[in-house]
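Written below as structure tokens is the structure these notes are about.
The values are calculated or read from the model by the stated rules, or taken from the named source; none is laboratory data. The structure presented is a predicted model; accordingly, all values stated were derived computationally and were not measured. Backbone-built Cβ (ideal geometry, glycine too); neighbour counts: all protein chains shown. Each accessible area value is taken on the protein alone, full model and side chains, heavy atoms only, with ligands, DNA and RNA left out. Shrake-Rupley method; radii C 1.70, N 1.55, O 1.52, S 1.80 Å.
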Protein chains: 2
Amino acid sequence: MAIKIGLLGFGTVASGIPFLLKENEDKITAAARDEFVIAKVLVKDDDEKNRLLAAGHDYHFVTNVDDIVKDPEIDIVVELMGRIEPAKTFITKALEAGKHVVSANKDLIATHGKEIIGLAKDRGLAFYYEAAVAGGIPILRTLANSLTSDKVTRILGVLNGTSNFMMTKMVDEGWTYEDALKTAQELGYAESDPTNDVEGIDAAYKAVILSQFGFGMTIDFEDVSHQGISTITPDDVAVAQELGYVIKLVGDVRETDSGISAQVSPTFLPKEHPLASVKGVMNAVFVESIGIGESMYYGPGAGQKPTATSVVADIIRIGRRIVDGNVGKSFNEFSRPAQLANPADVKSGYYFSLTVPDKKGQILRLAEIFNGEDVSFSQVLQQRGDGQKARIVIVTHALSLTQLENVKAKLKAQSDFTLLNSFKVLGD
Amino acid sequence: MAIKIGLLGFGTVASGIPFLLKENEDKITAAARDEFVIAKVLVKDDDEKNRLLAAGHDYHFVTNVDDIVKDPEIDIVVELMGRIEPAKTFITKALEAGKHVVSANKDLIATHGKEIIGLAKDRGLAFYYEAAVAGGIPILRTLANSLTSDKVTRILGVLNGTSNFMMTKMVDEGWTYEDALKTAQELGYAESDPTNDVEGIDAAYKAVILSQFGFGMTIDFEDVSHQGISTITPDDVAVAQELGYVIKLVGDVRETDSGISAQVSPTFLPKEHPLASVKGVMNAVFVESIGIGESMYYGPGAGQKPTATSVVADIIRIGRRIVDGNVGKSFNEFSRPAQLANPADVKSGYYFSLTVPDKKGQILRLAEIFNGEDVSFSQVLQQRGDGQKARIVIVTHALSLTQLENVKAKLKAQSDFTLLNSFKVLGD
């Protein structure tokens, strides 16, 4: 008696699912102890249905979600529509109707996950979403299973393929942000409105989910500070290289004495750091923990087959548990009360790039400002000025978010200084 | 009612287990739904027992394995003694007495795994060994769980920390093999007899286990060809760099049309390959598959806490399954008849380094030999000779193991040629 699947949506990722089910049929059947059948597929309307049928897709297409959630034969509903609505309503309906659910919808899980996970738990149903973070990388299941024995202290991740593709072009080939974005859009990596990718919003969604699995804490999306890559200039990239760093958009979740801190920001990574060599659209999650120490999980962050692989892994797991009669275990069972870090406990080195009047005494003025906040310099670089203005770059030793705000406020209060950029620096 | 553990051996790794059980107690108890107690610890003799007690280790030490395997209270036996005997006898006794077993013993599992795994399966007992491959990297469970939906086509791994430490010194700092070995021994990374590490035997054990999890095929240790790093010269390292490669000892398991091929050998990795930046004692497993495409799992290959983290992950999994009442699932359920590849199907580029008489016409002679076997050159480098001899380096396009043997035989048949080294080249 095969396990029956209802697909919500039949876009790129969804069509990768039958490919894997067929290509790896023997292995999958052996693992699940049963076979899987795609019983029904929800599409938007009759136009889409007719188009797909005409293109040779031989599925039972339906246009009303009730045809799936009210079908007593269907065991697992797989949601691959993306965005919040109607995905949220449909998943809720599916769970209320007693279906197990697989989803790849990070936006939804990061913003309304608590509610949906709670519903699944109350009903004793599985709700799995491995594909929601770093598409093809099996990071969530690894954190939930293999790292149960460990205590994670920090997770650093290159979590957005689009912005990493752009940063790779900017770093390795000296492209401007604008050129990198244009090419990313031409290649279909970036949408016409690239905000979610380039401003760190997409990565922040993933940071919310990683903090659940890594630290057992469900934080709100609003608790993840995010800064994007759109202000990074070729000058920043060149100075970073000169100082031994590579700039990338990095998600950073860590536990301090007072609680958890989650940030997404352009980050100076030391060239030798394993994340520094993650190129193009690839993603990687770097985990610091008291047991393993340092480990990294690397792979494609998106794409049809990688994402479908994670979705099918969830499907198999549910199928096997249905057969074993122990389905319903939460995807992530690690849970502690969420506690946000005090900004005074969140410390990093920082890079400051600013223009100052091209006359003597400016480094002294800067030193007084930083010193006044108890922040010490690690590296200082003054570039030849044009008689009017000169550019100074400072890399500091570790300072807290509180100190950072104070230093920035003081720099901004100097009417003849212009703070061009400030970015986090890893290491030190 | 706590789950009781009997430890066989109390060396470095074993003593990391109570550290993790205590440090992560809440998380572990929540995951397993029960707590773990180390009930008894087997040591060699009374001397060791008294030494450990005097050092403040507060365990119930025993010197006879029967005190553990015949204790009806003990649920899980954890073997951390290493080597084949008496580990094999003790694990067998434990399984026969109905105990679940966790082991980190790659030598044993690679050479006698079939027998032990079969016994565990027959008795419906768990036999888990995540720590046996790449210590702290959760690669086995990831292959068994997350990659069930995928079809692995090749696994490439930096699987031996000792030799990778040495190769890193040889590549990054130009050290000789002898200097690198001496330092590795001084630092405790290499044993006084370093054969297992430097000749690829340890990595070959791991390749055997990886082929079970990645390809479902149990091959014999003898089926893994292994070549070590002891013949690599500073000249090889320098030429590799000049041509854009990094030399590392790489385990390589892949499926060809005719079957599986498993090799451990010094390998020229393109500088941009993710494995090329794996430095020092770190390990990494790079997986090529039809779903995810390329993924990599990076972390420490050995060490007390990393290895203990993997062991405790196995313990938690067994504990949870005991509580859930579904213990006994094999660690790896993917199994197909083992089929070895035809050498004619196993293809790679190769590097040849040789000395030839320092007179004209030598490249022509070489070209005739390679051409005669239908092998084409990708790169050729002739170094200035000393009037007597000249060194020539050739990198070929892909050739099969059959062609490789033929070319080598023909080169050796030329009495005035000396084949210094030949290594596999990745890419192309």
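Restricting to lysine pairs 8 or more places apart or on different chains, what number in region B:347-425 have Cα atoms under 17 Å apart?
Working: B:347/B:408; B:347/B:424; B:359/B:389; B:360/B:389; B:389/B:412; B:408/B:424.
Taking region B:347-425 as the scope, the lysine pair count is 6.
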Q: For residue B:49, go through the aspartates and glutamates and keep the ones whose alpha-carbon is under 18 Å away, minus same-chain ones fewer than eight residues off.
A: B:58, B:66, B:67, B:79
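Taking the Cα centre as origin and putting +1 on Lys and Arg beta-carbons and -1 on Asp and Glu beta-carbons, what dipole magnitude results for chain B, to the nearest 20 debye?
On the way: 44 positive and 57 negative charges, 114 e Å.
Value, rounded to 20: 540 debye.
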(Q) Averaged over its residues, how many other protein chain Cβ atoms are within 10 Å of peptide A:12-21's Cβ atoms? (A) 1
**Q.** Mean-position separation - Cα centroids, region A:17-46 and region A:302-349, in angstrom
**A.** 21
Q) Shape of region A:292-352 from its Cα gyration tensor (a ≥ b ≥ c, root eigenvalues): rounded if a/c is under 1.5, otherwise prolate when a/b > b/c, or oblate? A) oblate
Q: Could you let me know the centre-to-centre spacing of region A:363-388 and region A:47-103, using Cα atoms, in angstrom?
A: 59
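Distance check, please: which entries in A:279/B:248; A:44/A:121; A:27/B:93; A:93/A:305; B:27/B:151 exceed 26 angstrom between their Cα atoms? Mind dumping the intermediate values first?
Working: A:279/B:248 21 Å; A:44/A:121 29 Å; A:27/B:93 32 Å; A:93/A:305 28 Å; B:27/B:151 33 Å.
A:44/A:121; A:27/B:93; A:93/A:305; B:27/B:151, as the Cα separations exceed 26 Å there.
Could you look at the protein assembly as shown and say what percent of its accessible area is carbon and sulfur, using a 1.4 Å probe and all protein chains?
Numbers: 15590 of 33120 Å².
Accessible surface attributable to carbon and sulfur in the protein assembly as shown totals 47 percent.
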Q. Counting partner chain Cβ atoms within 10 Å of every residue's Cβ in B:305-312, what's the average?
A. 5
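Quickly rank A:135-146, B:230-241 as a protection proxy: mean count of other C-beta atoms within 10 Å, highest first.
Order by mean packing, descending: A:135-146, B:230-241.
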Q.
Given Cβ point charges of +1 (Lys, Arg) and -1 (Asp, Glu) and nothing else, what value in debye, to the nearest 20, does the dipole of the protein assembly as shown about its Cα centre take?
A. 120
Q: Could you state the angle between the C-alpha long axis of helix B:12-23 and the longest principal axis of the C-alpha atoms of chain B, as a value from 0 to 90 degrees rounded to the nearest 10?
A: 60
(Q) To make sure I understand the rule: partners must be aspartates and glutamates, Cα under 19 Å from the Cα of residue A:271, and not fewer than 8 residues away in the same chain. Which ones qualify? (A) A:172, A:173, A:235, A:236, A:242, A:252, A:288, A:294, A:428, B:172, B:173, B:272
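Give me the 1.4 Å probe accessible area per residue for region A:347-425, excluding ligands and nucleic acids, in Å². Let's see the in-between values first.
Numbers: 3870 Å² over 79 residues.
Solvent-accessible surface per residue comes out at 49 Å².
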Q) Does the protein assembly as shown come out rounded, prolate or oblate by the C-alpha gyration tensor, with a ≥ b ≥ c the root eigenvalues, rounded set by a/c under 1.5 and, if not, prolate when a/b is larger than b/c and oblate if not? A) rounded
**Q.** Segments A:313-325, A:215-227 sorted - mean Cβ within 10 Å per residue, highest first
**A.** A:313-325, A:215-227
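Counting only C-alpha contacts under 8 Å and six or more residues apart, can you give the relative contact order of chain B as a whole percent?
Relative contact order for chain B comes out at 17 percent.
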Q | Listed residues B:19, B:338, B:120: farthest to the positive end of the dipole of chain B (Cβ charges) | A | B:338
Q: Once the label point is placed 7 Å from Cα along Cβ, list for residue A:56 the distances to the corresponding points in the other copies, in nm, shortest first.
A: 7.3
Q. Region A:128-171: which residues show an accessible-area loss of 40 Å² or more, assembly versus chain alone, 1.4 Å probe?
A. A:138, A:145, A:146, A:148, A:149, A:151
Q) What are the nm distances, shortest first, from residue B:358 to its equivalents in the other copies, labels at 7 Å along Cα→Cβ? A) 5.7
Q: Quote the accessible area belonging to residue A:271 in square angstrom, nearest 10, computed with a 1.4 Å probe and with ligands, DNA and RNA left uncounted.
A: 100
Q. Can you give the accessible area per residue of region A:139-300, in Å², using a 1.4 Å probe?
A. 30
Q: Enter the angle in degrees (range 0 to 90, nearest 10) between the Cα long axis of helix A:201-215 and the first principal axis of the Cα atoms of chain A, meaning the one along which they spread out most.
A: 80
Q: Sort the following peptides by mean Cβ neighbour count (other Cβ atoms within 10 Å, averaged over residues), highest first: B:47-55, B:26-34, A:291-299, B:373-381.
A: A:291-299, B:26-34, B:373-381, B:47-55
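Would you work out the charge dipole size for region B:139-300 about its Cα centre, treating the Cβ of every Lys and Arg as +1 and the Cβ of every Asp and Glu as -1, and quote it to the nearest 20 debye?
Dipole about the Cα centre, nearest 20: 560 debye.
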Q) Given a 1.4 Å probe and no ligands, DNA or RNA in the count, how much accessible surface is buried by A and B, both sides, to the nearest 100 Å²? A) 3900
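Give the calculated FRET efficiency between residue B:191 and residue B:48 to the nearest 0.05, with a Förster radius of 22 Å applied to their Cβ-Cβ distance.
Numbers: r = 20 Å, r/R0 = 0.93.
Here the calculated transfer efficiency is 0.60.
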Q. Quick one: label points 7 angstrom along Cα→Cβ at residue A:377, distances to the other copies in nm, smallest first?
A. 5.5
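Rounded to the nearest 5, what is the percent of antiparallel bridges among the DSSP beta bridges in the protein assembly as shown?
Working: 101 of 150 bridges.
Here the share of antiparallel DSSP bridges comes out near 65 percent.
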Q: Quick one: among B:361, B:301, B:259, which has the greatest mean-square fluctuation in a GNM of chain B with alpha-carbon springs under 10 angstrom?
A: B:361
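Given the rule -39500 (n - 2.57) for each run of at least 4 DSSP H residues, summed and divided by the residues of chain B, what is its mean residue ellipticity at 222 nm, to the nearest 500 deg cm²/dmol?
Working: 15 runs with 163 residues, N = 428.
So the helix-based figure for chain B works out to -11500 deg cm²/dmol.
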Q: Would you mind checking which residues have amide H under 5 Å from residue A:378's amide H? H placed 1.01 Å from N; only 5 or more apart, or other chain.
A: A:395, A:396, A:397
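When you look at the Cβ of every residue in B:252-261, what mean number of other chain Cβ atoms sits within 10 Å?
Across the residues of B:252-261, the mean count of other-chain Cβ atoms within 10 Å is 0.
How would chain A be classified by its alpha-carbon gyration tensor: rounded, prolate or oblate, with rounded meaning a/c under 1.5 and the a/b versus b/c comparison settling the rest?
On the way: a/c = 2.62, a/b = 1.98, b/c = 1.32.
In terms of gyration-tensor shape, prolate.
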